[in-house]
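First comes the structure, then the notes that go with it.
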Amino acid sequence: MTNPCMMFLELLGMLIGMGGWFCSLAATIMPQWLSLSTELMGMESYEQGLWEACVIQEVAGTECRPYDTILGLEPRLMLARILMCVSDATCLLGLLLAIPAMSQINCFKSEEGWRTKRGLKIAAGVFLCIAGLFVLFPVSYVAHDIVIKFFDETVPHVVPRSEFGDALFIGWAAGLLDIVAAVLLFASCSDSRDSEPHLVHHCQRQEIRTIDGSRKRTEYV
């Protein structure tokens, strides 16, 4: 019989992993990686993302334009774009591997199949952990660069400075959710061996004779 604790860890890991993937995908698409506002033009602000830059005006609204060329993109944004795309694909692959490994899925019901499920869950956890690290690195790198430039004393105070955008916080949340999902899948594997159904039964027949040898009794163990 399947351990309910293991089933709970699997379902919770899948739900958290899906939440991490959606957050990572949202952070990849959102243009709010860097936010820039000036005191001289209080009615206008700028936002910069991995794929486009936006101008926000209180009167005209928001206007976004994609980058004209890849070669002119800042190195930090180029690195973040590559790692975020790799993270999205890696997280999706981990979730796809975790689906057939769940106890509720009626496949791999043999004893060898349960070992296969355990291996799939471990592989899914590894992919989710890698995806989480691939999200945290570019988000933290861009945030670190923003902090360094914000407190740069060589830049005059009248020059506008970039600040954290909403996509950075969503990216941090995505990385943490991916890692938590990986830990839950690893924890569900620790009890998989005890929960494996013993589908292969070995019957041993023992013949016991009485003292006089006239009767014979057969037992199955």
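Below, the figures for the structure above:
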item: When residues of the range 1-39 are limited to those that are of a type in the set (S, T, N, Q) and modelled with pLDDT of 95 or more, the one surrounded by the most Cβ atoms within 10 Å (Cβ to Cβ); result: Ser24
item: Hits in the range 1-31 (condition: out of contact with any Asp or Glu (no Cβ under 6 Å at 6 or more places or on another chain) and in a loop (DSSP other than H, G, I, E, B)); result: Met1, Thr2, Met30
item: Qualifying residue in the range 126-145 (condition: within 20 Å of Glu74 (Cβ to Cβ) and of a type in the set (Asp, Glu)); result: yes
item: Condition check for Ser45: of a type in the set (S, T, N, Q) and farther than 27 Å from Phe134 by Cβ; result: yes
item: Residues of the range 50-100 satisfying the condition of being in contact (Cβ under 8 Å) with a residue 24 or more places away in the chain and either more than 25 Å from Ala174 (Cα to Cα) or small (Gly, Ala, Ser) (or both); result: Ala80, Ser87, Gly94, Ala98
item: Entirely in the range 40-90, the strands (runs of 3 or more DSSP E) that have 1 or more residues that are surrounded by 16 or more Cβ atoms within 10 Å (Cβ to Cβ); result: 44-48, 52-57
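To keep it simple, each residue is scored yes or no on (1) within 19 Å of the chain's Cα centre (by Cα); (2) at pLDDT 90 or above; (3) part of a helix (DSSP H, G or I); (4) crowded, with 22+ Cβ neighbours inside 10 Å.
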position: Phe108; (1), (2), (3), (4): no, no, no, no
position: Ala124; (1), (2), (3), (4): yes, yes, yes, yes
position: Ser140; (1), (2), (3), (4): yes, yes, yes, no
position: Asp145; (1), (2), (3), (4): no, yes, yes, no
position: Asp152; (1), (2), (3), (4): no, no, no, no
position: Phe186; (1), (2), (3), (4): yes, yes, yes, no
position: Arg193; (1), (2), (3), (4): no, no, yes, no
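The values are calculated or read from the model by the stated rules, or taken from the named source; none is laboratory data. Being a predicted model, the structure only gives us computed values, none of them experimental. So basically every Cβ, Gly included, is an ideal-geometry build from the backbone, and we count neighbours across all protein chains shown.
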